[in-house]
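Remarks on the structure that follows.
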Amino acid sequence: MLNDQKHAFIFDMDGVLTDNMRFHADSWVELFSDFGLQGLDAERYLVETAGMKGLDVLRYFLDPQISETEAERLTELKDFLYRVLSRHLIKPMPGLEAFLDTAGEQGVRLGIGTGAGQRNIDYVLGILNMANTFQAIVDPSQVRRGKPEPDIFLRAATLLEVPPSACIVFEDALPGVEAARKAGMQCVAVTTTNSADAFSQFDNVLQVIGDFTLLCPADLLRKLNEKQPMTLL
């Protein structure tokens with residue numbers, strides 16, 4: 001650690017710990033096609049709503065007045081399709097395991113702030129063998145508002161006992177980067193869902209990465225302290 005200040009890394013799960021967002025997108029497109037929704041493809045879903053919780057996705061694309069009960073039912077159906085599509089394809093992002101090990105050894109607290117439900121969290125972390133890696137895991141059931149509002153990340157920071165200014169969020173989705181900005185947190189943007197250029201609109205992006213292979217926790221903490229301009233890796 002650079003000093004005695006506690007720091008935390010808070011990770012979105014889908015598209016960050018594993019490159020699985022295309023499976024989610026394909027599952028939503030398949031579900032919406034049954035409702036006659038035209039003009040939606042995986043790319044549009046990923047750009048416009050990736051990272052949002054199921055209720056917000058359904059209200060955005062299908063019905064602004066959909067009830068929470070009906071949204072929960074449809075989200076469960078979509079998640080079943082997702083698990084069928086991805087069961088043998090989920091794997092950790094390159095370099096992730098070594099990065100997490102190094103961060104933990106350096107005393108960085110590790111958390112997850114995700115729009116996924118508990119069943120999908122258990123599913124992904126079980127496949128990745130990371131169920132015990134994180135000290136705090138926050139999903140939409142624990143907060144009032146999902147991304148792009150900051151509630152999920154602020155809740156994670158509270159559980160990790162680290163101030164927002166000492167947290168770095170890892171996000172692939174634009175709503176997630178915006179949520180980090182609103183939470184007063186710096187961010188590492190992962191280009192599994194969006195191009196590097198898409199993140200240039202945000203002033204809280206410390207670094208843009210394709211994966212974790214060349215990423216160093218100590219360098220990130222130094223950038224957090226110095227708030228250097230965005231770089232590409």
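The values are calculated or read from the model by the stated rules, or taken from the named source; none is laboratory data. No experiment lies behind these values; they were computed from the predicted model shown. Cβ atoms come from the backbone with ideal geometry, glycine included; neighbour counts cover every protein chain shown.
Please work out if D211 is touching a residue at least 12 places away in the same chain (Cβ under 8 Å), farther than 27 Å from E226 by Cβ and surrounded by fewer than 22 Cβ atoms within 10 Å (Cβ to Cβ).
Working: touching a residue at least 12 places away in the same chain (Cβ under 8 Å): yes; farther than 27 Å from E226 by Cβ: no; surrounded by fewer than 22 Cβ atoms within 10 Å (Cβ to Cβ): yes.
It is false that D211 is touching a residue at least 12 places away in the same chain (Cβ under 8 Å), farther than 27 Å from E226 by Cβ and surrounded by fewer than 22 Cβ atoms within 10 Å (Cβ to Cβ).
Read through the list (1) over 17 Å from the mean Cα position of the chain (by Cα); (2) crowded, with 19+ Cβ neighbours inside 10 Å, then give the number of the only condition that M130 fails.
Going through (1) over 17 Å from the mean Cα position of the chain (by Cα); (2) crowded, with 19+ Cβ neighbours inside 10 Å one by one, M130 breaks only (1).
For (1) more than 20 Å from P94 (Cβ to Cβ); (2) surrounded by 20 or more Cβ atoms within 10 Å (Cβ to Cβ), each residue gets a yes or a no:
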residue: V162; (1), (2): yes, yes
residue: I168; (1), (2): no, yes
residue: A173; (1), (2): no, yes
residue: V177; (1), (2): yes, yes
residue: D203; (1), (2): yes, no
residue: K223; (1), (2): yes, no
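Looking at the range 38-59, can you tell me whether even one residue there is more than 16 Å from the chain's Cα centre (by Cα), modelled with pLDDT under 90, part of a helix (DSSP H, G or I) and buried (at least 16 other Cβ atoms within 10 Å of the Cβ)?
Yes, that holds for at least one residue.
Tally time: how many residues in the range 74-96 are small (G, A, S) and not in a helix (DSSP H, G or I)? If you could, list the steps in order and put the result at the bottom.
Restricting attention to the range 74-96, the residues satisfying the condition of being small (G, A, S) are 86, 95.
Those still in the list that are not in a helix (DSSP H, G or I) too: 95.
The qualifying residues number 1.
Okay, residues lined up against (1) in the same structural domain as D56 (by TED's automatic domain parsing); (2) of a type outside the set (K, R); (3) touching a Phe, Trp or Tyr at 6+ places or on another chain (Cβ under 8 Å):
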| site | (1), (2), (3) |
| --- | --- |
| V143 | no, yes, no |
| E178 | no, yes, yes |
| V188 | no, yes, yes |
| F202 | no, yes, no |
| K227 | no, no, no |
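Please tell me if L96 is outside the structural domain of S27 (by TED's automatic domain parsing) and modelled with pLDDT of 90 or more. Walk me through it before giving the result.
On the way: outside the structural domain of S27 (by TED's automatic domain parsing): yes; modelled with pLDDT of 90 or more: yes.
So L96 passes the test.
Could you tell me how many of the residues in the range 103-133 are touching a residue at least 40 places away in the same chain (Cβ under 8 Å), out of contact with any Phe, Trp or Tyr (no Cβ under 8 Å at 6 or more places or on another chain) and closer than 18 Å to A166 by Cβ?
Total satisfying the criteria: 2.
Each row is one residue, and each column tells you yes or no for (1) surrounded by 14 or more Cβ atoms within 10 Å (Cβ to Cβ); (2) closer than 25 Å to L31 by Cβ; (3) assigned by TED's automatic domain parsing to the domain that holds A179.
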| residue | (1), (2), (3) |
| --- | --- |
| E76 | no, yes, no |
| E105 | no, no, yes |
| R109 | yes, no, yes |
| D122 | no, yes, yes |
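Within the range 1-27, track down each residue that is farther than 27 Å from A156 by Cα and either polar (S, T, N, Q) or touching a Lys or Arg at 6+ places or on another chain (Cβ under 8 Å) (or both). Even if it seems obvious, please write down each step before you answer.
Filtering the range 1-27 for residues farther than 27 Å from A156 by Cα gives 26-27.
Across the range 1-27, the qualifying residue is only S27.
Is at least one residue of the range 32-52 closer than 21 Å to Q118 by Cβ and of a type in the set (D, E)? Give the derivation first.
First, the residues of the range 32-52 that are closer than 21 Å to Q118 by Cβ: 49-52.
Pick out the ones that are also of a type in the set (D, E) and you get none.
For the range 32-52, residues closer than 21 Å to Q118 by Cβ and of a type in the set (D, E): absent.
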